[in-house]
Amino acid sequence: MQEDVRDRAYLNEEDVLKLNFIRDPGAYIYRRHYRQGLRSHILEVLSHEEVKNEKNGVIIDGAKWYPRAEPLKMLRIFRTRFQSLQEAEEEVERVKMIESYLGPENFAKSDEFLVDYKLNGKREILLCGLQEYVKGAILDPWDQLDDSHLISILRRISFETFEDAEEIGDQWTNEVRVKAKDFITRIKKMILEAKHVPDLAGIGNLLLTREGDIKLVDINNISKVSFEPHIRIDDMGYPVCDKSIESLSLLEHGLLKKPLSEDDAIYKTYLEPGRMEEVKAIEKEFHLAMEQETADVDISPS
């Protein structure tokens, strides 16, 4: 009996090459990315030449270096099970919503495609995406988003020396804050007009680039927004809508260096203290359930 890839904790290259819609031997090498989403498998798409240089090294100015192969794209294979083609197409349409509200500098563009996945003599619809690889460092909304923290991110991204980072730091942090204002404005417009919000709360969902852009890389987890008291949870049991809007408020407060407006309709609903306490309780239950599930499944690499 063939195991469904959507149920696997992770996939390696051997697993990917066995898929009926992947050519073997192909022009690329697939390597499991260090981040694995609850909703998708994430694999780096690498060239043979760069992997060869990574393993064997290259001579530069008389010294041997082992440069890590940089992905050409990121392959995402989603765990979602669709009951119909229409349901799958609606999922793709939600991704297009991101593109219509965010500029190319604010999200990792992905070419989504649907395939016939052969499984135990049957064919099922599987959603995949070839996504732009973004070079950057994780921007965590819960971090202290002051200038010193942003400069530490700059040093990680660009490998600048402490002195160089300090020299260009003021200009760069100002640029980050200007671009952050545009990013936040676009997200708020999406919330108010389209009544949807992307997942801003997941670890590693937002990256900060050398150019000072905030890039959303998880563009498939998009939740409906309601201004009713009811707290929505996703199919995993997580209050992703509330946590995403909380993340947005932290970005606005930390990066724009100003207090949140008490008249903001979004925050007035979602940051209400009683509601936030309820969300915290739901979030705690979610993490306890995930810990139990992890304890029950052996996800150690083979």
Revision key, fill the gap. Looking only at lysines whose Cα falls under 27 Å of Lys258's and that sit 8 or more positions away or on another chain, we get Lys179, Lys181, Lys188, Lys189, Lys195, Lys215, Lys243, Lys268, Lys280
Review point. What order, most packed first, do the peptides 243-252, 77-86 have when packing is the mean number of other Cβ atoms within 10 Å of each residue?
Key: 243-252, 77-86
Review point. Residue by residue, what Karplus-based ³J(HN,Hα) values in Hz, rounded to whole numbers, does segment 61-75 have, using 6.51, -1.76 and 1.60 with θ = phi - 60° and x for Gly and Pro?
Key: 6, x, 10, 8, 10, 10, x, 5, 4, 9, x, 7, 8, 10, 8
Check your understanding: Amide H neighbours of Leu126 under 5 Å, counting only residues 5+ apart in sequence or on other chains, H built in-plane at 1.01 Å?
Key -> Val115, Tyr117
**Study point:** Difference of contour (0.36 nm per residue) and Cα-Cα distance, Gln2 to Glu211
**Key:** 70.7 nm
Revision key, fill the gap. In cubic angstrom per residue, the convex hull of the chain built on its Cα atoms measures 162 Å³
Exercise for review: Quote the FRET efficiency, to the nearest 0.05, computed for Thr185 versus Ala281 with a Förster distance R0 of 25 Å and r equal to the Cβ-Cβ distance.
Suggested key: 0.20
Check your understanding: What does the helix-only formula give at 222 nm for the chain: each DSSP H stretch with n ≥ 4 adding -39500 (n - 2.57), the total divided by the residues, and the result rounded to the nearest 500 deg cm²/dmol?
Key -> -13500 deg cm²/dmol
Check your understanding: Tell me, what is the per residue accessible area of the chain in Å², probe radius 1.4 Å?
Key -> 56 Å²
Revision key, fill the gap. The percentage of the accessible area of the chain (probe 1.4 Å, all protein chains present) made up of carbon and sulfur atoms, to the nearest whole number, is 51 percent
Exercise for review: Would you mind getting me the FRET efficiency between Asp143 and His48? Use the beta-carbon distance for r and R0 = 30 Å, nearest 0.05.
Suggested key: 0.20
Practice item. Would you mind counting up the charge near Gly204? Only other residues with Cβ under 10 Å from its Cβ, with Lys and Arg at +1 and Asp and Glu at -1. Key: -1
Practice item. Would you mind getting me the FRET efficiency between Lys135 and Phe113? Use the beta-carbon distance for r and R0 = 25 Å, nearest 0.05. Key: 0.55
Exercise for review: Helix by helix through the chain, keep the DSSP H runs that span 30 Å or more along the axis on Cα and average at least 1.0 on Kyte-Doolittle, and give those back in order.
Suggested key: none
Point to revise | Added length on full extension, which subtracts the Cα-Cα distance from 0.36 nm per residue, Asp170 to Val92 | key: 24.1 nm
Check your understanding: Could you give me the ³J(HN,Hα) list for segment 34-44, computed from phi with Karplus coefficients 6.51, -1.76, 1.60 and θ = phi - 60°, whole Hz, x at Gly and Pro?
Key -> 5, 9, 10, x, 5, 9, 7, 8, 10, 10, 7
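The values are calculated or read from the model by the stated rules, or taken from the named source; none is laboratory data. Values in this document were obtained by computation on a predicted structure and should not be read as measured data. For neighbour counting, all protein chains shown are included, and Cβ atoms are generated from backbone atoms with ideal geometry for every residue, glycine included. Accessible surface areas use protein heavy atoms only, side chains included; no ligands, DNA or RNA. Shrake-Rupley method; radii C 1.70, N 1.55, O 1.52, S 1.80 Å.
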